[in-house]
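Undergrad: Here it is, the structure, as C-alpha cells.
The values are calculated or read from the model by the stated rules, or taken from the named source; none is laboratory data. These numbers were taken from a predicted model, which means no experiment stands behind them. Ideal geometry is used to build each Cβ from the backbone, glycine not excepted, and the neighbour counts take in all protein chains shown.
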Protein chains: 2
Amino acid sequence: MTTGGYDTDHEELTELLERNDLAGIQRWIADYPPHVIADEITRAEQVAAIMLFRLLDKDRALEVFEELDPTEQQKILSGQRDHAFHELVEAMDPDDRARLLGEAPAKFARRVLAGLSQQEREMTAALLGYPQGSVGRHMSPKAVPVRATGTVTQALRRIRLKGSDAETVYTLPVVDEERRLIGTATLRSLVLADPDQPVADLVDRQALSVPATADAEEAARLMQEANLLGLPVVDSEDRLVGILTIDDAIELIETADTEDVARLAGASPLTGHYLTASVFQVARSRAVWLLLLLVAATLSVNVMQLFEDTLAKVTALALFIPLLVGAGGNAGAQAATSAVRAIAVGEVRARDVLRVAWRELRVGLNLGLMLSVVAFSIGAILVGWSIAAVLGISLVAICAWAAVVGAVMPLVAKRLRIDPAVISAPLVTTLVDATGLIIYFLVAQAVLQF
Amino acid sequence: MTTGGYDTDHEELTELLERNDLAGIQRWIADYPPHVIADEITRAEQVAAIMLFRLLDKDRALEVFEELDPTEQQKILSGQRDHAFHELVEAMDPDDRARLLGEAPAKFARRVLAGLSQQEREMTAALLGYPQGSVGRHMSPKAVPVRATGTVTQALRRIRLKGSDAETVYTLPVVDEERRLIGTATLRSLVLADPDQPVADLVDRQALSVPATADAEEAARLMQEANLLGLPVVDSEDRLVGILTIDDAIELIETADTEDVARLAGASPLTGHYLTASVFQVARSRAVWLLLLLVAATLSVNVMQLFEDTLAKVTALALFIPLLVGAGGNAGAQAATSAVRAIAVGEVRARDVLRVAWRELRVGLNLGLMLSVVAFSIGAILVGWSIAAVLGISLVAICAWAAVVGAVMPLVAKRLRIDPAVISAPLVTTLVDATGLIIYFLVAQAVLQF
C-alpha cells in the first residue's frame, strides 16, 4: 500500500544516480509506482534515463514504458538492443505504437515495423491509415465484441477468452452477425445479472458511438460529458473497428487543454516536456506569434503618429498611455479567455454570437464605469481635472469595446472553422490597443477642445 | 444506436418550446441521450427547463438530473412538488448531494435533508464533514470492499449482492477484518481469473490510495497519471471510507483547468455556466483583478513622469511605447502561461526555479534578438536610425527580463503555497510594463546622449 504525494524523494534518486549506486537505485525503484518512475525517466538526461529503465524488471519495465510520452519512448528505445527493443514494441498497445510511429523519423519507424509480428503490424498499419487527429488514430482495435443472441454466461466466457489482450472489457460493444454495432453492454451489468439472462436484455441500444474518422478531441469530450468508460468506434458501414478508452480520452483532453492554454498566451503548443524541450524549440513555439504581434503593433505606432500634434501640445496625455492600453488589453483578454474556454467545454456555440456580444457589452460597460472612477481619481491627483476626465470617459468606451471584441472574435473564428483558441489574449490586446488609442485621442480632442 | 454530434437540432427544440408543443418535445427528448438533454436544460430559461424536465419519464429524469451542475439541479428541484423533490434527492449519489448542499442556501438545504432516509442523510453528513476541496467531499462512500481471504467466486457473489448501489465495481478495494485497506483488485482480473483462485493472488498491494483530507484536485491528477478508474480513500488509520471514481476525477480536473484559464487571464473563476450566469456575476468575477491591475499600472504612470523631460525633448519616443510595452507584455505572458501549465500538469516543481530561470533567460534573449531586428527596421523606416537603435537594444533586454520574470513568478508563488495560476498573464504584463519603460528610457538616455 502506497499513498499519493511523492514530491520529496526525487533528490534521493538524483543522488543515487550521481553516485552510480545501482543497488540503491534498484531499491528506490521498487518502492514507487510506474507513473512516478516514468516521471523521473522523463526528467533525467538520456544516459541516466536508459540506465534507470534497464534496472527495472521485465513486467515493470513494460508498465513504465506505457506511461511515457512518445518522445520519451523513442529516447528509451534508441538505447535498447534488438531483442529488448522488439519485445517492448511488440507488447505496446496498437494505438500507442501508432502514436510513436506518427512522430518518429522514418529510419526509426522502419526498425519498429521490421520486428513486429504480422498481426500487430497489420493492426498498427490500419490505425496509421486514419487521418492525424482522428479517433481512428487513438482507439484500441482490440475491442471485445459480444453477441446479443447469447446468454450472460456465454458472454462472460467469451470475455474470459478474448479479454486478457484487450485494452478494456468494461464497455462491451454488442454486434450482429456482420459485426455491425447494435449497442453496448457493461461488464458491470453482466456481472450483476442472472447468468442465464439473454445479453439482449442488457444492451443499451441508445449507446453512443463515433465513426473512426471523427475528430478525436470531440469524441473525448463526448465521453467526458456522457460519463463513458469506453466509446465504440465504427466504420462508414457501422461495423465495429475499435474502442476509445477513457484513459486515452483524458490524455486527449489534457493535450487539447494544454494547447489551448499555450495558444491563449499567443504561443504554439510545445510538443513535449517543458523541461526537456530544447531552448530553441521553446523559442520557436513562441516566435511566430511574438513577431506577428509586433508587426500588428505597428498599427499603434501609426495611430500615435496620427495624433502626434495632439501629443506634442499636451505631453501629459502620454503619461497614461501604458495604463490605458493595459486596462483595455486586460478587459479584452478576460473576455476572450472566457469565450474560448466556454467554447472548448461546450457551453457556448458559434450561433450564440449575438447573445454573447450583448452580454459582454453590458459587462464591459459595468467594468468600464468602475475603472473610470478609480482612473479619474488617479488622474485628478497626478495631473489635473481635464486630463482625468479624458481618462475616465475613454476607459468606459474602451472597456466596453474590448469586452465585445474579445468575446466575439473567438466565436467568429469558430464559425469560420478556425480554432477559437488561436484568438489569443495577446492578439485581442494588440488590436484593442490601437483602437483604444484612437478612442483616447478623439476623446482628448473633444474634451480639451482642439 | 446514436452517433455523436448534436449541434444542429437545438433550433428544433427551441421552436417546439416556443410553440408549447408537448408531444413534439416528448418525441425530441426520446431521441437524445441524457447529457444532451441536460445541456438543453442548462441553456433554457427556468420555466422552460422545468417543463422539459417534467416531460421526461422517471428513469431518464434521474439520469438527466445527474448530469446537471449543482446550480442547475437546484433550479430544477425548486420547481418540483415535495414527492418528486424527495425522490430525486434520495436517488442522488451522496457525493453529488454533498456538492449540491455545499452551494445551496440554508433553507433549501434543510428541505433536502428533511426528506432523506436516515442512511442517506448520515452518508451525506459524513461527506460534508470533510473540508471543502478535499477528496472526502468528492468520493463515493459506497465502495464495494472485498476480502483477500475468499475465492474469486465468493468475491463475485459479494459484488452481485452489494454492487447494484455502488458508484463503481471496477476497482475493488481489498480490506482486512478491520476494514483496513490492503490493496485493490479489478473486476477485470476477477472475471478473467479461475473461479476457485484466492482473491489474495489478484490483489495489487502497491495500489495507490489517498487520505480523505487530501486535496481533491491532486488526487484527481494522480488518478489521471496512474491511469486509475477508481482510487480508494482512507481515514487516518488507513481504514477504507470511500472511493474516488474517474468520472468525478475528470470533472475535478476540468473545473481546475477552467479556473486556471480564468486566472491566467486575470479573472476569478466563474462558478456557473457562461451563458446563464448574470451580467453582474460575470462583471464581479473580473472586476477585482481589473481594479488591482489598474492600480498597479499607476506605477507605469510614475515611471513616465520620471522621464517626462526626456519625453518632452524627443516626442518620437512616445510613438513606440504601446508597441514596446506590448511586446514585453506578450513575452512575459507566454513565459508565465507555460510555467503555470507545466506546474499544473506536474512537469515542473517549485525546486526547479533556477533551471527554469536559466532556460527562460536564453529563450528570452533569442526572442528579443529576433524581435529587435524587425523593430529596428520598422523604427528606421518610420522615424530614423537613432530611435530605431534605442528600440532594438531595449527590446532584447525587455524580452529576456520578461521571460525570466514571467516564468519565475508562478514558481515562487508555488513555493509560497499560493496558487501559481494567480500569477496571471496580466499581472506579469503590468509589472513588466513599468520595468520595461525604465529600460527603454535609460537606453534612450544612453544612446541619445542626454
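Undergrad: Yes or no: segment A:159-175 includes at least one residue that is part of a helix (DSSP H, G or I), in contact (Cβ under 8 Å) with a residue 24 or more places away in the chain and farther than 20 Å from A:Asp235 by Cα.
TA: So in segment A:159-175, the residues part of a helix (DSSP H, G or I) come out as A:159-165.
Within this subset, residues satisfying the condition of being in contact (Cβ under 8 Å) with a residue 24 or more places away in the chain are A:159.
Right, trim to farther than 20 Å from A:Asp235 by Cα and you get A:159.
Yes, that holds for at least one residue.
Undergrad: Across segment B:123-158, what is the number of residues that are in a helix (DSSP H, G or I), within 14 Å of chain A (Cβ to nearest Cβ) and without any contact (Cβ under 8 Å) to a residue 40 or more places away in the chain?
TA: Result for segment B:123-158: 3.
Undergrad: Here is a follow-up. When the residues of segment B:304-315 are narrowed to those that are at the interface with another protein chain (Cβ under 9 Å from one of its Cβ atoms) and surrounded by fewer than 20 Cβ atoms within 10 Å (Cβ to Cβ), which ends up farthest from the chain's Cα centre (by Cα)?
TA: Pass one, segment B:304-315, residues at the interface with another protein chain (Cβ under 9 Å from one of its Cβ atoms): B:304-305, B:308, B:311-312, B:315.
So of that shortlist, the ones also surrounded by fewer than 20 Cβ atoms within 10 Å (Cβ to Cβ) come out as B:305, B:308, B:312, B:315.
Details: B:Gln305: 41, B:Glu308: 45, B:Ala312: 48, B:Thr315: 46 Å.
The qualifying residue farthest from the chain's Cα centre (by Cα) is B:Ala312.
Undergrad: Still on this structure: Taking B:Thr435, is it crowded, with 17+ Cβ neighbours inside 10 Å, closer than 19 Å to A:Ala265 by Cα and within 12 Å of another protein chain (Cβ to nearest Cβ)?
TA: no
One line per residue, one yes/no per condition, for (1) in contact (Cβ under 8 Å) with a residue 12 or more places away in the chain; (2) at the interface with chain B (Cβ under 9 Å from one of its Cβ atoms):
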site	(1), (2)
A:Leu229	yes, yes
A:Glu237	yes, no
A:Leu240	yes, no
A:Asp248	yes, no
A:Glu254	no, yes
A:Pro269	yes, no
A:Val279	no, yes
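Undergrad: In segment A:206-227, which residue that is assigned to a helix (DSSP H, G or I) and more than 8 Å from every other protein chain (Cβ to nearest Cβ) is surrounded by the most Cβ atoms within 10 Å (Cβ to Cβ)? Before you say what the answer is, go through the steps one by one.
TA: Let us first name the residues in segment A:206-227 that are assigned to a helix (DSSP H, G or I), namely A:216-225.
Next, only the ones that are more than 8 Å from every other protein chain (Cβ to nearest Cβ) stay: A:216-217, A:220-221, A:223.
Numbers: A:Ala216: 25, A:Glu217: 19, A:Ala220: 24, A:Arg221: 20, A:Met223: 27.
Checking each candidate, the answer is A:Met223.
Undergrad: Within segment B:22-46, restricting attention to residues that are among the acidic types (Asp, Glu) and surrounded by 14 or more Cβ atoms within 10 Å (Cβ to Cβ), which residue is nearest to A:Asn227 (Cα to Cα)?
TA: B:Asp39
Undergrad: Check A:Phe441 against each of (1) in contact (Cβ under 8 Å) with a residue 40 or more places away in the chain; (2) under 27 Å from the mean Cα position of the chain (by Cα) and name the one condition it does not meet.
TA: (2)
Undergrad: Now a separate question. Quick check: anything in segment A:285-295 more than 9 Å from every other protein chain (Cβ to nearest Cβ), buried (at least 18 other Cβ atoms within 10 Å of the Cβ), modelled with pLDDT under 85 and farther than 21 Å from B:Thr315 by Cα? Walk me through it before giving the result.
TA: First, the residues of segment A:285-295 that are more than 9 Å from every other protein chain (Cβ to nearest Cβ): A:288, A:292.
Subsequent filtering for residues that are buried (at least 18 other Cβ atoms within 10 Å of the Cβ) retains none.
The answer is no, given that none of the residues of segment A:285-295 is more than 9 Å from every other protein chain (Cβ to nearest Cβ), buried (at least 18 other Cβ atoms within 10 Å of the Cβ), modelled with pLDDT under 85 and farther than 21 Å from B:Thr315 by Cα.
Undergrad: Turning to a different aspect of this structure: Sort out which residues of segment A:160-183 are facing another protein chain (nearest Cβ under 9 Å), under 31 Å from the mean Cα position of the chain (by Cα) and over 17 Å from A:Met92 (Cα atoms), and write them in order of number.
TA: Residues satisfying the conditions are A:Val169, A:Tyr170, A:Leu181, A:Gly183.
Undergrad: Taking into account only those residues within segment B:372-396 that are at negative phi and out of contact with any helix residue (DSSP H, G or I) (no Cβ under 7 Å at 6 or more places or on another chain), which is farthest from the other protein chains (Cβ to nearest Cβ)?
TA: First, the residues of segment B:372-396 that are at negative phi: B:372-383, B:385-396.
Remaining after also requiring out of contact with any helix residue (DSSP H, G or I) (no Cβ under 7 Å at 6 or more places or on another chain): B:373, B:377, B:381, B:385.
Working: B:Val373: 10, B:Ser377: 10, B:Ile381: 10, B:Trp385: 16 Å.
In this case the residue turns out to be B:Trp385.
Undergrad: Also, I was wondering about something else. State whether the residues of segment B:117-130 include one that is of a type in the set (Val, Ile, Thr), within 27 Å of A:Ala342 (Cβ to Cβ) and within 27 Å of the chain's Cα centre (by Cα).
TA: Let us first name the residues in segment B:117-130 that are of a type in the set (Val, Ile, Thr), namely B:124.
Cutting the leftovers down to within 27 Å of A:Ala342 (Cβ to Cβ) gives us none.
No, the conditions are met nowhere in segment B:117-130.
Results for (1) over 18 Å from A:Leu319 (Cβ atoms); (2) more than 7 Å from chain A (Cβ to nearest Cβ), shown as yes or no for each residue.
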site	(1), (2)
B:Pro322	no, no
B:Ala333	yes, no
B:Ala339	yes, yes
B:Met370	yes, no
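Undergrad: Somewhere in segment B:358-373, is a residue surrounded by 20 or more Cβ atoms within 10 Å (Cβ to Cβ), touching a residue at least 12 places away in the same chain (Cβ under 8 Å), over 21 Å from B:Val261 (Cβ atoms) and within 27 Å of the chain's Cα centre (by Cα)?
TA: Yes: segment B:358-373 contains one or more residues that are surrounded by 20 or more Cβ atoms within 10 Å (Cβ to Cβ), touching a residue at least 12 places away in the same chain (Cβ under 8 Å), over 21 Å from B:Val261 (Cβ atoms) and within 27 Å of the chain's Cα centre (by Cα).
Undergrad: Does A:Ala265 count as in contact (Cβ under 8 Å) with a residue 24 or more places away in the chain and either within 9 Å of chain B (Cβ to nearest Cβ) or buried (at least 20 other Cβ atoms within 10 Å of the Cβ) (or both)?
TA: Numbers: in contact (Cβ under 8 Å) with a residue 24 or more places away in the chain: yes; either within 9 Å of chain B (Cβ to nearest Cβ) or buried (at least 20 other Cβ atoms within 10 Å of the Cβ) (or both): yes.
Yes; evaluated as a whole, the condition is true for this residue.
Undergrad: Please go through segment A:415-431 and give me each residue that is within 12 Å of A:Ala267 (Cβ to Cβ) and either within 13 Å of chain B (Cβ to nearest Cβ) or charged (D, E, K, R) (or both), ordered by number. Explain how you work it out, then say what you get.
TA: Within segment A:415-431, the subset within 12 Å of A:Ala267 (Cβ to Cβ) is A:421-422, A:424-427.
Passing the criteria: A:Ala421, A:Ser424, A:Ala425, A:Pro426, A:Leu427.
Undergrad: Something else: Please determine, by comparing only the residues of segment B:184-205 that are part of a strand (DSSP E or B) and surrounded by fewer than 19 Cβ atoms within 10 Å (Cβ to Cβ), which one is nearest to the other protein chains (Cβ to nearest Cβ).
TA: Ranking the qualifying residues of segment B:184-205, first place goes to B:Asp204.
Undergrad: Out of curiosity, is A:Ser386 among the hydroxyl-bearing types (Ser, Thr, Tyr), assigned by TED's automatic domain parsing to the domain that holds A:Leu416 and crowded, with 19+ Cβ neighbours inside 10 Å? Give the derivation first.
TA: Details: among the hydroxyl-bearing types (Ser, Thr, Tyr): yes; assigned by TED's automatic domain parsing to the domain that holds A:Leu416: yes; crowded, with 19+ Cβ neighbours inside 10 Å: no.
Considered against the rule, which asks whether it is among the hydroxyl-bearing types (Ser, Thr, Tyr), assigned by TED's automatic domain parsing to the domain that holds A:Leu416 and crowded, with 19+ Cβ neighbours inside 10 Å, A:Ser386 comes out as no.
Undergrad: Is one or more of the residues making up segment A:47-68 under 26 Å from the mean Cα position of the chain (by Cα), in contact (Cβ under 8 Å) with a residue 40 or more places away in the chain and closer than 19 Å to A:Ser278 by Cα?
TA: The answer is no; no qualifying residue exists.
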